[in-house]
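The values are calculated or read from the model by the stated rules, or taken from the named source; none is laboratory data. Bear in mind that the values here come from a model prediction, so they are computed numbers and not experimental data. In this analysis, Cβ positions are derived from the backbone assuming ideal geometry, glycine residues included, and neighbour counts consider all displayed protein chains.
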Amino acid sequence: MNKRTVLAAGLVIAAVAAPLSAASARDQIQIAGSSTVLPYANIVAEQFGKAYDKFKTPVVESGGSSAGLKQFCQGLGEKTIDIANASRKIKDKEVKKCGEAGVKDIMEIRFGYDGIVFATDAGGEAWKLEPKDVYLALADKIPADGKLVDNPNKKWSDVNSSLPAWDIVAYIPGEKHGTREVFETKVMETGCKTAGGYDLHLAATGADDKKAKKTASKSCFKVRKDGGTVDIDGDYTETLARLQSNKTGVGVFGLSFYENNTDKLKVATMGGIAPSVETISTGKYPVSRPLFFYVKKAHIGVIPGLKEYVEFFTSTKMIGPDGPLAEYGLVPMPKNELDELQKAVSELKTM
Amino acid sequence: MATQDTISSPAAASSRQLNDPALLRRRYSAERRFQAYGLAAIMVALFFLVVLFTSIISQGWTAFLQSSIRLDVTLDKSEFTDADGNVSDKAIRLANYAKLGRDALQNALGIEKPGRPEKRKLKELLSRGIDTQIRDVIEADRSRIGQTVPIWLLASDNVDALLKGSIDRDVPEARRQLDNRQVAWVDKLVEEGRLEKKFNWGLFTFGASSQPETAGLGVAIIGSFFMMLIVALVAVPIGVAAAAYLEEFAPKNTLTDIIEVNINNLAAVPSIVFGLLGLAIFINFMGLPRSASLVGGLVLSLMTLPTVIIATRAAIRAVPPSIREAALGVGASRMQALFHHVLPLALPGILTGTIIGLVQALGETAPLLMIGLVAFVVDYPVTPMDPATALPVQIYMWASSAERGFVERTMGATLVLLLFLFVMNAAAVYLRRRFERKW
């Protein structure tokens, strides 16, 4: 009995310990981060696995830009991820934190752009929006007779007579989304400046330094909380579902999501420009943002296939205008930018 | 009040009240009302169940069918040779399969010398996953290189959606994913019997993919299997041992009371907390790999442990003390009484509790989020140390995808998960019936 117990215990320990030692060499790239970048990273990972027999297909986790960069900055070694996807640039704070944990040489790769579109249900007329309209409809406070007042607008037609008399309800990305930042800086702030709200906010701070300007911008971002805006913390599928139940709502989507659902959504022009891969890559359509991924240089040569993956991702075959990413909705970068990027990658240039 | 009277003076009450027809009617109608409430409650529950199932099944059943196109693919030798003219592994791997498929499609449709935009339109009808399909045909028999072989190639998700009716033909061309010419091509292929919906084995065998037509539950099913195995191997022995000790051997004092209260509390801790714990202990401290089903299994074991302990304790307590006393009376030790008599009799209850725990673990996503199991994994996991996902996680990831094909797959995968749960619950019922002893 006793002998058998000892034997059983020994077996259990061996069973647990064996995989532990076997796991010491990771042979698969691990990626985490932005849910916006996720579909692009998935496409590349899938193709990479097909194109290279000797490397395993990378594992891509989702979870958001900030969560991904947090994991990225945990340190070096096989237990940490190799690449962080981000739908925004890494913050100085994060670079510092990375440095403290030993992650010093970081390669920053900007692989293309993503457009953000305003869309309504496919049944209605196509809208022509200006940043100013969006600001006047959605801001918490708007200027009236040289003063800032609580937003009195109830219908879109109150804002701009060319828009339909629909109640103002906009489904905008929640605070944790990278898209929110673009919505704030590219639409709300621009609209705020043209409408004159920015100057009033600035005057209200009573100063004219950098800090005051920042406060004024922040005040411009503030959206109304009386039901005119609804934060969507989920993804675009949720926004679409909301639009389908409220046919007079307006939703904010990524260009790629819109392109996959053109039969259900009608896109609004912004400043007279319809969003498309062309108008965004030439910079005509104003609401777009760059997409990034960050690579630990120290892991190149340690994790098999990491260098090849980065080169594969940045190849013209993948992120060029005819590649599968552009087909999915990525806005490719101009030729000269791409050449520069490929050169930087081949030299393993760090930030 | 009437009842109190009845109890306090039964003799007097019986003559005065129970024969009172008005009271009798009230009591009967009160009972009928109560039964009606109960029935209504069941009806409401059933109604929602039916709504849920109809919505899942009506949206999900199409996921079990997938459109394929039968094409005569010419495996031109020059595509598979190196610069020196020999067929090589590398050349086969890197061959331009998209072009082979497109050429075959253009022959089938009788289009001669298509222009660049036309080529692009043709390519859009075929899945990007056809490269693996054609390659598999070649790898199965290399002598086919140079021949023309009929192959069922996957159609793209838009073609599939058109055939299943989730792309509306009446939508104006500019806003439809397939233009009029592509729709005409598709109709022609259907007429000729080249384009058919076949049973979608890929749903069960493929790993993760960015295109719905080549996305499947393969990795998730294996991952969930590993996790269930680990939960069964870790949570059940520990849970049963803990419960048996607490029930049969432990002294009743403040310490065991505290332990008991804590086990019960643990059952109500939000599952995400177990994920955080798993991240801290198994990954950061013990250094186990991220995304591995081993870590997932251990975290789920922790989560299921209280359920198993509580169920086992209840089952052991339900064994009549006379059994124990009889065993001890004929000279068995307490351990012998436990192993020879109490545990076998408590087994049906323990099994039921365990399976309920496993079912709970199988449907769980939140704790897996923190330990990297919500991931895009293409390759099959061979050991529990390899990256994997789980069934509910796959459903969650598909639910957030933009493509039309993923909507039906989300529901289809839900059906698969429900089937697993159903089978496990049925097993629990069967085991209970089989081993149950009535006293």
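Go through segment B:116-126 and count every residue that is within 12 Å of chain A (Cβ to nearest Cβ) and touching a helix residue (DSSP H, G or I) at 6+ places or on another chain (Cβ under 8 Å).
Keep residues of segment B:116-126 that are within 12 Å of chain A (Cβ to nearest Cβ), which gives B:116, B:119-120, B:123-124.
Checking the rest, the ones that are also touching a helix residue (DSSP H, G or I) at 6+ places or on another chain (Cβ under 8 Å) come to B:119, B:123-124.
Total satisfying the criteria: 3.
I'd like to know if segment B:232-254 contains one or more residues that are touching a helix residue (DSSP H, G or I) at 6+ places or on another chain (Cβ under 6 Å), without any contact (Cβ under 8 Å) to a residue 60 or more places away in the chain and farther than 18 Å from residue B:355 by Cβ.
Scanning segment B:232-254 turns up at least one residue that is touching a helix residue (DSSP H, G or I) at 6+ places or on another chain (Cβ under 6 Å), without any contact (Cβ under 8 Å) to a residue 60 or more places away in the chain and farther than 18 Å from residue B:355 by Cβ.
Please determine whether any residue of segment B:222-236 is in contact with a Phe, Trp or Tyr (Cβ under 7 Å, 6 or more places away or on another chain), at pLDDT 90 or above and in a helix (DSSP H, G or I). Please lay out each step first, then the result.
Going through segment B:222-236, the residues in contact with a Phe, Trp or Tyr (Cβ under 7 Å, 6 or more places away or on another chain) turn out to be B:222.
From what's left, at pLDDT 90 or above: B:222.
Of the ones still in play, those that are also in a helix (DSSP H, G or I) are B:222.
Looking through segment B:222-236, at least one residue is in contact with a Phe, Trp or Tyr (Cβ under 7 Å, 6 or more places away or on another chain), at pLDDT 90 or above and in a helix (DSSP H, G or I).
Within segment B:71-89, which residues are in a helix (DSSP H, G or I) and closer than 21 Å to residue A:317 by Cα?
Pass one, segment B:71-89, residues in a helix (DSSP H, G or I): B:77-80, B:89.
B:79, B:80, listed by residue number.
Please work out which residue is nearest to the chain's Cα centre (by Cα), limiting yourself to segment B:78-107 and to residues that are within 11 Å of chain A (Cβ to nearest Cβ) and among the charged types (D, E, K, R).
Ranking the qualifying residues of segment B:78-107, first place goes to B:93.
Within segment B:78-87, can one find any residue that is surrounded by 16 or more Cβ atoms within 10 Å (Cβ to Cβ), in contact with a helix residue (DSSP H, G or I) (Cβ under 7 Å, 6 or more places away or on another chain) and within 26 Å of residue B:193 (Cα to Cα)?
There is no residue in segment B:78-87 that is surrounded by 16 or more Cβ atoms within 10 Å (Cβ to Cβ), in contact with a helix residue (DSSP H, G or I) (Cβ under 7 Å, 6 or more places away or on another chain) and within 26 Å of residue B:193 (Cα to Cα).
Can you say whether residue B:378 is surrounded by 20 or more Cβ atoms within 10 Å (Cβ to Cβ), assigned to a loop (DSSP other than H, G, I, E, B) and within 13 Å of chain A (Cβ to nearest Cβ), as far as the supplied structure shows?
Yes.
Sort through B:373, B:294 and tell me the only one that's more than 26 Å from residue B:260 (Cβ to Cβ), within 13 Å of chain A (Cβ to nearest Cβ), part of a helix (DSSP H, G or I) and of a type outside the set (Ser, Thr, Tyr).
Numbers: B:373 fails: part of a helix (DSSP H, G or I).
Step by step, each of B:373, B:294 is checked, and only B:294 is more than 26 Å from residue B:260 (Cβ to Cβ), within 13 Å of chain A (Cβ to nearest Cβ), part of a helix (DSSP H, G or I) and of a type outside the set (Ser, Thr, Tyr).
How many residues, within segment A:52-64, are within 10 Å of another protein chain (Cβ to nearest Cβ) and within 19 Å of residue B:397 (Cα to Cα)? Reasoning before the result, please.
Filtering segment A:52-64 down to residues within 10 Å of another protein chain (Cβ to nearest Cβ) leaves A:52-53, A:56-63.
Retained after the next criterion (residues that are within 19 Å of residue B:397 (Cα to Cα)): A:57-63.
Total meeting the criteria: 7.
Over 17 Å from residue A:42 (Cα atoms), in contact with a Gly (Cβ under 8 Å, 6 or more places away or on another chain) and in contact (Cβ under 8 Å) with a residue 24 or more places away in the chain, is that true of residue A:351?
No, not satisfied.
Which of the residues that make up segment B:381-405 are more than 9 Å from every other protein chain (Cβ to nearest Cβ) and not in a loop (DSSP other than H, G, I, E, B)?
Listed by number, the residues that qualify are B:391, B:392, B:393, B:394, B:395, B:396, B:398, B:405.
Just to be sure before I move on: is residue A:90 more than 11 Å from chain B (Cβ to nearest Cβ), β-branched (Val, Ile, Thr) and in contact with a helix residue (DSSP H, G or I) (Cβ under 7 Å, 6 or more places away or on another chain) in the structure I sent?
On the way: more than 11 Å from chain B (Cβ to nearest Cβ): yes; β-branched (Val, Ile, Thr): yes; in contact with a helix residue (DSSP H, G or I) (Cβ under 7 Å, 6 or more places away or on another chain): yes.
Spelling it out, residue A:90 is indeed more than 11 Å from chain B (Cβ to nearest Cβ), β-branched (Val, Ile, Thr) and in contact with a helix residue (DSSP H, G or I) (Cβ under 7 Å, 6 or more places away or on another chain).
Return the total of residues in segment B:57-77 being closer than 21 Å to residue B:195 by Cα and surrounded by fewer than 16 Cβ atoms within 10 Å (Cβ to Cβ).
3
Are any residues in segment B:183-210 within 14 Å of chain A (Cβ to nearest Cβ) and under 18 Å from residue A:263 (Cβ atoms), and if so, which ones?
Across segment B:183-210, the qualifying residue is only B:183.
Tell me which residues, restricted to segment A:115-159, are within 22 Å of residue A:217 (Cβ to Cβ) and part of a loop (DSSP other than H, G, I, E, B).
Within segment A:115-159, A:130, A:140, A:146, A:151, A:153 qualify.
Mind checking which residues of segment A:234-278 are among the acidic types (Asp, Glu) and more than 12 Å from chain B (Cβ to nearest Cβ)?
Here is the first cut: in segment A:234-278, the ones among the acidic types (Asp, Glu) are A:235, A:238, A:259, A:263, A:278.
Passing the criteria: only A:278.
Of (1) under 30 Å from residue B:284 (Cα atoms); (2) among the hydroxyl-bearing types (Ser, Thr, Tyr); (3) within 14 Å of chain A (Cβ to nearest Cβ), residue B:354 satisfies all except one. Which?
(3)
Could you count how many residues in segment B:169-186 are over 15 Å from residue B:124 (Cα atoms), surrounded by 14 or more Cβ atoms within 10 Å (Cβ to Cβ) and among the charged types (D, E, K, R)?
Kept after step one, since they are over 15 Å from residue B:124 (Cα atoms), are these residues of segment B:169-186: B:169-175.
Still in the running and surrounded by 14 or more Cβ atoms within 10 Å (Cβ to Cβ): B:171, B:175.
Within this subset, residues satisfying the condition of being among the charged types (D, E, K, R) are B:175.
The number of residues fulfilling the criteria is 1.
Here's the yes/no breakdown for (1) within 14 Å of chain B (Cβ to nearest Cβ); (2) in contact (Cβ under 8 Å) with a residue 24 or more places away in the chain:
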residue	(1), (2)
A:50	yes, no
A:66	no, yes
A:82	yes, yes
A:99	no, no
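Which residues, taken from segment B:113-152, are surrounded by 13 or more Cβ atoms within 10 Å (Cβ to Cβ), more than 17 Å from residue B:79 (Cβ to Cβ) and either outside the structural domain of residue B:100 (by TED's automatic domain parsing) or not hydrophobic (A, V, I, L, M, F, W, C) (or both)?
B:114, B:118, B:120, B:121, B:124, B:127, B:128, B:129
Please work out which one of (1) without any contact (Cβ under 8 Å) to a residue 24 or more places away in the chain; (2) more than 14 Å from chain A (Cβ to nearest Cβ) is the condition residue B:171 fails and give its number.
The failed condition is (2).
Can you tell me which condition residue A:303 does not meet? The list is (1) surrounded by fewer than 18 Cβ atoms within 10 Å (Cβ to Cβ); (2) assigned by TED's automatic domain parsing to the domain that holds residue A:79; (3) over 22 Å from the mean Cα position of the chain (by Cα), and all the others hold.
(1)
Within segment A:46-67, restricting attention to residues that are out of contact with any Gly (no Cβ under 7 Å at 6 or more places or on another chain) and among the polar types (S, T, N, Q), which residue is nearest to residue B:93 (Cα to Cα)?
Looking at residues that are out of contact with any Gly (no Cβ under 7 Å at 6 or more places or on another chain) and among the polar types (S, T, N, Q), I get A:47.
Does residue B:66 qualify as being of a type in the set (S, T, N, Q) and more than 14 Å from chain A (Cβ to nearest Cβ)?
On the way: of a type in the set (S, T, N, Q): yes; more than 14 Å from chain A (Cβ to nearest Cβ): yes.
For residue B:66, the condition - of a type in the set (S, T, N, Q) and more than 14 Å from chain A (Cβ to nearest Cβ) - is met.
Conditions (1) part of a loop (DSSP other than H, G, I, E, B); (2) in the same structural domain as residue A:71 (by TED's automatic domain parsing); (3) of a type in the set (Val, Ile, Thr); (4) crowded, with 21+ Cβ neighbours inside 10 Å, marked per residue:
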{"position": "A:253", "(1), (2), (3), (4)": "no, no, no, yes"}
{"position": "A:258", "(1), (2), (3), (4)": "no, no, no, yes"}
{"position": "A:280", "(1), (2), (3), (4)": "no, no, yes, yes"}
{"position": "A:298", "(1), (2), (3), (4)": "no, yes, no, no"}
{"position": "A:307", "(1), (2), (3), (4)": "no, yes, no, no"}
